[in-house]
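Worksheet: the structure to be examined is printed underneath.
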Amino acid sequence: MVALVASMSAARAAEWVYTVQPGDNPWSLTERLLAGIKYWPRLQSHNHIVDANHIPPGTRLRIPVGWLRRTEVTATVAAVQGAAELLRTSGTPPRALKSGALLRTGDVVRTGERGNVTVEFKDGSRMLVHAGSELRMADLAAFANTDLVDTRVELVRGRAENLVRPLTGEPSRFEIRTPAAVTSVRGTGFRVNAAEDATRTEVLEGQVGVQAGAGGARETAVGAGFGTVAAANATPEAPVPLLPAPVLDGLPAVVERVPVAFTVPTQPGAVAYRLQIAASPAFDTLLYDGSSDATLLRAIDLPDGDYHVRVRGIDARGLEGLNADRTFTLNARPEPPLLSEPAPGAGVMDEQPTFEWAAVSGIGRYRLQLAKDKDFTELVADVDQLTTNAFATPAALPLGDYHWRVMSIDATEGAGPYSDAQTFRRVPPAPQAASEVNDKELTLSWPAGLPGERYQLQIGTDEAFESPLATIDSSEPSVRLPRPPGGTYYLRVRSIYPDGFEAPYGKPQMIELPSTHKPWWLLLVPLLFVL
């Protein structure tokens, strides 16, 4: 077994110092504080009291902790998030754990895969029991009429974050047992992870000692900002620095989409990252707690409001680093509509295009913005009194690139976030081809576009071009083809601009070719050769 103990001398840990008040004597002190009347002579002898009836007030008496009278106490469930259950030692079936419940010695707390529980002990110390954990109250006790406590819990599996508060009376014990380690601390902030392979301890405040075996081994100090891994019945690893707090300057102050997600910068030495979200800056109860081996950290759906986010890196040993905290405001409602027309990246030939989006249930008003730039500083239109899910521009749009977005406006919630912006390009009408045909060739030509512009021609036997006979790329505004067999054909042309943008095809054109009285398959051979 590996033991982690607070840095205090054995003598200091074994005795409590009491300051004599007026009227105190060995008999009254024994009755109020000690385990039995037999201890009053020992108290007098241990402190070299000459006159038991006249002990000067202010005298400091040393009392061995083993003489003090222990009483059973309870811990309080300060908060419950998600699923958690309580198992009593009486053998009764598990029951749902609720905030305010009192925990006694022998009780077991189990958290679900998305749940966490905050337990507050008699001395004010708190433990945040993470999801998928099991915690047993091994011994909850205090010493009568003192501010000393004796708290021992067993983290059977899972993770816990702890804030053990210093007491005015000394010594008290706060001990966490895991299958691989015993952690005894006082006035320290630390985390414990009881995994199957080992116990991982990360110290955030104060100092703990790591000791291998049941006793006798040399103690290794683990200070704030360091962590260690202790496998069962093995010497703990030498303490290593925890990963520094990641830089979260790039995280948004306002989040407009759910489920909540953050992208954090890659941190040297981190193989994974932990994300926590809480309503309080103390993070004493968690609304979300999860980890990912990617820098995109996805959380859950939350109501709109103000939140606190915490991120830390996880190294290859499984030790979690120092925390980085930020605040953010979630403003995701009412949800924005889904944009439909113009489609993303579309080319629009209409001079006065119509914008359409999906109607949002319960929303009676929308706001649309149309801009020349992606930051929407060069607005072309800003209309906030739209009562339908469509808008037609009142004037012709010049050729060029545009960006548009829409927000929902609710009568009670007010304005929500904008939709993700979509882009489109106002383009001139597609070229219309003229055809010339003779016994050997079909020539198709159309007006030339801008310098560097290319073209794409399609020929098919159906107006929908579900199975085109040919798709031909050309750098010139004309194409010469072997004459196809007689029949009805459809053709359409589109422009491909120098920057690679593909404009939409123009309207299909129909041409009729008379029969040549030659076998049709012979005429198709040269056409297929061209394709």
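Brief remarks on what is shown
- Ascending count of other beta-carbon atoms within 10 Å, so fewest first, for Ile63, Ile496: Ile496, Ile63
- Amide H to amide H distances under 5 Å link Ser419 with Val406, Met407, where only residues 5 or more positions off or on other chains count and H is placed in the peptide plane.
- Once the Cα-Cα distance is subtracted from the 0.36 nm per residue extended length, the Ala343 to Glu453 segment shows a gain of 37.3 nm.
- Normalised by the number of residues in the range 254-330, the mean separation of alpha-carbon contacts (under 8 Å, six or more apart) gives a relative contact order of 36 percent.
- Of the GluC sites (Glu not before Pro) in the range 190-293, the ones in a loop by DSSP (not H, G, I, E or B) with at most 11 other beta carbons within 10 Å are Glu196.
- Karplus-derived HN-Hα couplings along the range 102-119 (A = 6.51, B = -1.76, C = 1.60, θ = phi - 60°), whole Hz, x at Gly and Pro: 9, 10, 10, 4, x, 5, 10, 10, 10, 9, x, 5, 10, x, 8, 9, 9, 10
- The string of couplings for the range 197-206 from the Karplus curve (6.51, -1.76, 1.60, θ = phi - 60°) is 8, 5, 9, 10, 10, 10, 9, 9, 9, x Hz, one whole number per residue in order, with x for Gly and Pro.
- Remark: spin-label model distance Thr89-Ser361 equals 5.2 nm, labels positioned 7 Å along the Cα→Cβ axis.
- FRET E, pair Ala470, Leu248, Förster distance 41 Å, beta-carbon r, rounded to 0.05: 0.15
- Helix 520-530 axis, angle to the chain major axis (alpha carbon atoms, nearest 10°): 50
- Excluding same-chain neighbours fewer than eight residues apart, no lysines are reachable from Lys507 by a Cα-Cα span under 21 Å.
- FRET efficiency for Lys372 and Thr263, using Cβ-Cβ distance with R0 set to 41 Å, rounded to 0.05: 0.90
- The gain in end-to-end length when the Glu512 to Ser291 segment is fully stretched comes to 73.0 nm, 0.36 nm per residue minus the alpha carbon separation.
- Relative contact order [Cα under 8 Å, 6+ residues apart], the chain, whole percent: 8
- Karplus-based coupling profile of the range 18-26, in residue order and whole Hz: 10, 9, 5, 9, x, x, 6, 8, x, with θ = phi - 60° in 6.51 cos²θ - 1.76 cosθ + 1.60 and x standing for Gly or Pro.
- Counting other Cβ atoms within 10 Å as a rough exposure proxy, the listed residues Asp304, Asp473 run Asp473, Asp304 from fewest neighbours to most.
- Dividing the summed helix terms, -39500 (n - 2.57) for each DSSP H run of n ≥ 4, by the number of residues in the chain produces a 222 nm estimate of -1500 deg cm²/dmol to the nearest 500.
- Taking 0.36 nm per residue of separation and subtracting the Cα-Cα distance, full extension of the segment from Val437 to Gln207 would add 73.6 nm.
- Residues of type lysines that Lys440 reaches as a straight line, Cα spacing below 23 Å, ignoring anything fewer than 8 places off in the same chain: Lys518
- Residue order, fewest to most beta carbons within 10 Å, for Val109, Val380, Val427, Val50: Val50, Val380, Val427, Val109
- Partners of Lys98 within straight-line reach, counting lysines whose Cα lies under 23 Å from its Cα and excluding those fewer than 8 residues away in the same chain: Lys122.
- Relative contact order (%) - criterion: Cα under 8 Å, at least six apart; region: the range 339-426: 37
- The range 302-323 and the range 183-205: distance between their alpha carbon centers, rounded to Å: 17
- Förster radius 35 Å - calculated FRET efficiency between Glu351 and Arg298 (Cβ-Cβ, nearest 0.05): 0.25
The numbers here are math on the coordinates, done by the rules we state, and not lab data. This is a predicted model, so every value here is computed, not measured. Neighbour counts run over all protein chains shown; Cβ positions are idealised from the backbone, glycine included.
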